[in-house]
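First comes the structure, then the notes that go with it.
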Amino acid sequence: MRLLFVRPPKYIWPYMNEQDNYLLPQALACLGAEARRQGHEVILLDCMPLKTGWKSLEQKIRDLAPQVVLAGDSETLYAHESGRVFQIAKSVSKNIFTVAGGVHFSYTCEDAFSKYPIDAIVRGEGEKTLSEFLQTLEGGGDLTKIKGLALPAGDGRVIYTGYRELIANLDDLPIPAYDLLPMDRYGTARYLFSPGGVTIHHSRGCVSGCSFCACWIQMAKREGDPPNEQLSPRWRTRSVEPVVDEMELLVKKYGKKCLVFVDDTWNVDPKWSDRFADELLRRKLGVNWFAFFRSDFMERDEKTGLFEKLIASGLTHICTGLERANDEELDKLKKHNSNVELMQSFIPKLRKKYPSLFLQTTFIVGLRQDTKESLNHLLSYVEKLNPDYPAFHPVTPVPGTLLWKDAKEAGWLEITDSAKYDWMTPVMRTDTMTREELELTIWEMNRCYLNPLRIARGIFSPHKYRRRMYMWWFVVSVRAFFDYLLDRLFPSRSPRRGETLSAYVGMVRPKWYNK
């Protein structure tokens, strides 16, 4: 069968430029590789780096004449754009079979089937489900017998076909289909993930089950069917050698020198990490690499000397979620891996010992009990930690998370349009602060940390990667704040946003979006 996997045109985060948004989508590359191995004709169309707008996308679907069109996203923010892909596909030909995937569609099946012309939703890990599904579809078999699907029943109901077991051995999967993507278009940013940034992963899933996070959900262990489905965290990894083989391919064949690991939690297994560092040092690939690290595991590995070895292997950029400045609040969020007192001591020591490391942290703003005083306390905590780049995000309940369920039941959600779930726009108030007050407070928190002196110190760092990251941060911050202020002063201008600022807060529309 001829399959067309699509990452559609998307609005862009204002803290990114177009090149920064062109990170390679691992899901397309992995699913496409497995489908190709099963003998299907596979086309991967990533509209972002190719600057393929909606009119051009429609023409490509006509020209390519696929039998199946597949799209989806784990970011709730982009769900409507994936939905538009299915609408266009069906307008080209009603015979095109449309398939959705990703976290958002997996947990909004009823809503998705009612809004968009979707013929099937692949829930959870996709490779094995998709393989069996395509074989059955091609042979005219019964799709309800394929585990891991959601199918429209035709009367507003959804047929869930049962739980698909997670893949036991990730080494059984083929190498992602990098050759089917425009590799020369990824990692072209001058500063961010430079030079030549490209994504990769060694593990799937997470060992934590934070109530606000949708990342771990897609690869979770499941029991039962919605609405009574029970999830528990599950983490698996590939072997070290195939991962470094893949890194070597990306370096030598495609010229990528900054490897961006998109694992939900990279540093779970210290034995794996140690073997990885040894192998990377042995091959002398000379790469920088980025990963999402769990904070307490990071502290564990620093004690044993493993963290120092990872730095020697090329680790130059870490993002870790510290989220709050109060252990009780962290416990309520089911984030049991972060200790405020420990981090307040550990992070500054880490920063001093490894001056070449760019340390990025995330923090959640806008919990129900938040006040201006509690957010000032959070900002003071961040200043003591002194990370390179703290990201302050309004808490945003997304489908599939426990926080989403609680917010819906309590009636907290004031914005339900998923296109505005951009992790910049507050979608609900606190007990004492309106959404507008929260938005302004977050803006002020980011502005307070954008200190000219500390930015200048970063820009003139002796370490090249840190210099590039600080230059990126400086350039995009000035641009974003300037644009934000103009939008507040002149709401009708919004040259690259939606028709009005209130129609699409925060996100920026590329010039080629509708072409």
**Prompt:** Going by a ≥ b ≥ c, the root eigenvalues of the Cα gyration tensor, does the stretch 15-141 fall in the rounded group (a/c under 1.5), the prolate group (a/b larger than b/c) or the oblate group?
**Reply:** rounded
**Fill in**
Here the cysteines of the chain without any disulfide-compatible Cβ partner under 4.7 Å are 30, 47, 109, 206, 215, 258, 319, 448
**Asked** In a shell of Cβ-Cβ distance under 14 Å around residue 173, excluding residue 173 itself, what net charge do Lys and Arg (+1) and Asp and Glu (-1) give?
**Response** -1
**Prompt:** Is the shape of the chain rounded, prolate or oblate, going by the alpha carbon gyration tensor and its root eigenvalues a ≥ b ≥ c, with a/c under 1.5 for rounded and a/b larger than b/c for prolate?
**Reply:** rounded
**Complete:** Length-normalised contact order of the stretch 303-402, Cα under 8 Å, at least 6 apart, in percent, tallies to 32
**Complete:** DSSP beta bridges in the chain: the antiparallel percent, rounded to 5, is 25
**Asked** Considering only Cα-Cα distances, which of the following residue pairs are longer than 25 Å: 420/515; 147/420; 90/115; 257/309?
**Response** 147/420
**Message:** Compute, for the stretch 311-419, the length of the dipole vector about the Cα centre, with Cβ point charges of +1 (Lys, Arg) and -1 (Asp, Glu) only. Units Debye, rounded to 20.
**Reply:** 460
**Request:** Would you work out the relative contact order for the chain, in percent, from Cα pairs under 8 angstrom that are 6 or more residues apart?
**Result:** 15
**Message:** At a 10 angstrom cut-off on C-beta neighbours, averaged per residue, how do the peptides 233-245, 75-87 rank from highest to lowest?
**Reply:** 75-87, 233-245
**Fill in**
Net charge near residue 253 (other residues with Cβ under 15 Å of its Cβ; Lys, Arg +1; Asp, Glu -1) is -1
**Complete:** So residue 490 and residue 436, fully extended at 0.36 nm per residue minus their Cα-Cα distance, gain in nm 17.8 nm
**Message:** I'd like the Karplus ³J(HN,Hα) series for the stretch 417-434: coefficients 6.51, -1.76, 1.60, θ = phi - 60°, whole numbers in Hz, and an x wherever there's a Gly or Pro.
**Reply:** 6, 5, 5, 9, 8, 9, 6, 10, 9, x, 9, 8, 8, 9, 5, 10, 10, 6
**Item:** Cα-Cα over 32 Å, subset of 10/94; 145/405; 353/511; 384/405; 256/384
**Value:** 353/511; 384/405; 256/384
**Request:** Evaluate the charge dipole of the stretch 193-449 about its Cα centre and quote only its size in Debye, nearest 20, assuming +1 on the Cβ of each Lys and Arg and -1 on the Cβ of each Asp and Glu.
**Result:** 1040
**Asked** Using r as the Cβ-Cβ distance of residue 457 and residue 342, and R0 as 35 Å, what FRET efficiency do you calculate, to the nearest 0.05?
**Response** 0.85
**Packing-based order for 386-399, 329-342, using average beta carbon neighbours within 10 Å, highest first** = 386-399, 329-342
**Request:** Using only alpha carbon pairs under 8 Å that are at least six residues apart, calculate the relative contact order of the stretch 193-449 and give it in whole percent.
**Result:** 17
**Message:** Can you compute 3J(HN,Hα) from phi for each residue in the stretch 389-397, using the Karplus curve 6.51 cos²θ - 1.76 cosθ + 1.60 with θ = phi - 60°, rounded to whole Hz and x for Gly and Pro?
**Reply:** 9, x, 10, 9, 10, x, 4, 10, x
**Amide H within-cut-off set for residue 424, under 5 Å, with H built and near neighbours excluded** = none
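FYI, it's all coordinate maths here, none of it is from the lab. Quantities reported herein were computed from a predicted structural model and do not represent experimental measurements. Note: ideal-geometry Cβ built from the backbone for every residue, glycine included; neighbour counts use all protein chains shown.
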